[in-house]
Amino acid sequence: MSVSIPAPETRRAADLRREVLLVDAVTVGASAALFLAGARPLGGFLGWDHPWAIAAIGAAFVPWAVWLGRAARRRPIPDGALRVPVVVNAVWVAASAAVLLTGTPDLSSGGRWFVAAQAVAVGLLAAAQAAALRRWR
């Protein structure tokens, strides 16, 4: 019986895939907790007096964080497990840009900074996921 040991660069690529998915899962889970537990104060900071909508976004984050965590545990991690979050994160960044460009909803200055900062962070994560996807090949 022979045992196949992956080349070091293959292991590093697999580790990178796993790490970017885990970082996404943890940050989405933390965001879900923040949005759910702090909907009212976060709404005040954002200048958006709709805590129910903020809580709904947080609730939507929960299954997404679970999906990301499960995808990170797969061995090997299939391409689709990285393509899906790249697309979802790109859509999130585009939606955030639309909020900033249209001014809808009307956010406070802190709210606009919050949306911009999280869009940059999500965009960087999507770029890391796309790089991990390319590196595997």
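The values are calculated or read from the model by the stated rules, or taken from the named source; none is laboratory data. Just so it is clear, the structure is predicted and the values come from calculations on it, not from any experiment. Note: ideal-geometry Cβ built from the backbone for every residue, glycine included; neighbour counts use all protein chains shown.
If we keep just the residues of region 34-55 that are surrounded by 14 or more Cβ atoms within 10 Å (Cβ to Cβ) and out of contact with any helix residue (DSSP H, G or I) (no Cβ under 6 Å at 6 or more places or on another chain), which is nearest to Pro105 (Cα to Cα)?
By that ranking, first place goes to Trp48.
If you check Ala116 against the conditions, is it surrounded by fewer than 14 Cβ atoms within 10 Å (Cβ to Cβ) and not hydroxyl-bearing (Ser, Thr, Tyr)?
Working: surrounded by fewer than 14 Cβ atoms within 10 Å (Cβ to Cβ): no; not hydroxyl-bearing (Ser, Thr, Tyr): yes.
The answer is no for Ala116.
Working only within region 3-24, note down all residues that are within 17 Å of Ile77 (Cβ to Cβ), at pLDDT below 95 and β-branched (Val, Ile, Thr).
Hit for region 3-24 is Thr10, nothing else.
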